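The values are calculated or read from the model by the stated rules, or taken from the named source; none is laboratory data. What you see is a predicted model, and the numbers here were worked out from it, not measured in a lab. Neighbour counts are summed over all protein chains in view; Cβ atoms, including those assigned to glycine, are modelled from backbone coordinates with ideal geometry. For accessibility, only protein heavy atoms count, side chains too; no ligands or nucleic acids. Shrake-Rupley method; radii C 1.70, N 1.55, O 1.52, S 1.80 Å.
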Amino acid sequence: MGKILMIYLGFRNGVTIIIVIVYLYKIKKREKFFPKLDDPQLETGIKIIGGVLLAGVLVFCTIPAAMDIPNMIHEDYLYIEGEAISNSPEDTRYSRAVTIENEDEKKITIEIVGTCSDVTYGDKLALKYLPHSKVGFVVKHETVE
C-alpha cells in the first residue's frame, strides 16, 4: 500500500512542479500566458493571481509531501483508530477525505488513497497516514448499521 501512496503523491506533486516551471519560464521570457489577450493590465493581474495560487499549492501540498519522503522510505506511518464523523460520499478507487474522531476527542481529516468501500457516519476505521501531508490508507474498516 505504501507504493500506491508514493505513486499518488509523486504524480500529484510532479504535475504541480511542472506547472510551476512553465509559469516561471513564461515570466522570465516575458511571454504572454494568453496570446489572444490584448489588455496588459489583465495579463499582469492573471500573472499575479496565478503566482499567489501556485505559491499556496507549493506551501500547503508540495512541501508537506516532501517532508514525508523519509517517512515513506522507512514506512514510518502514524496510526489512528476511531469513528468516522464526516466523509466524501463517493465510492472511488483513487482518493477520498474522511474525518475521524478517536477516543481522546481528537479530530483529524485524512485523505484515503486506494480502494475503500463507502465510509458512512459512525463507521469504525483504523488508518495509517503520513504526518505532514495527511494522506494514508485503510488498515481496518468496520461498518456500523
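Look at residue 83 and say whether it is touching a residue at least 40 places away in the same chain (Cβ under 8 Å) and more than 23 Å from residue 132 (Cβ to Cβ).
yes
List the pairs whose first member sits in segment 1-12 and is in contact (Cβ under 8 Å) with a residue 12 or more places away in the chain, whose second member is β-branched (Val, Ile, Thr) and open to solvent by 80 Å² or more (accessible area, probe 1.4 Å), and whose Cβ atoms are under 8 Å apart, counting only residues at least 6 apart or on separate chains?
Filtered contacts from segment 1-12: no entries.
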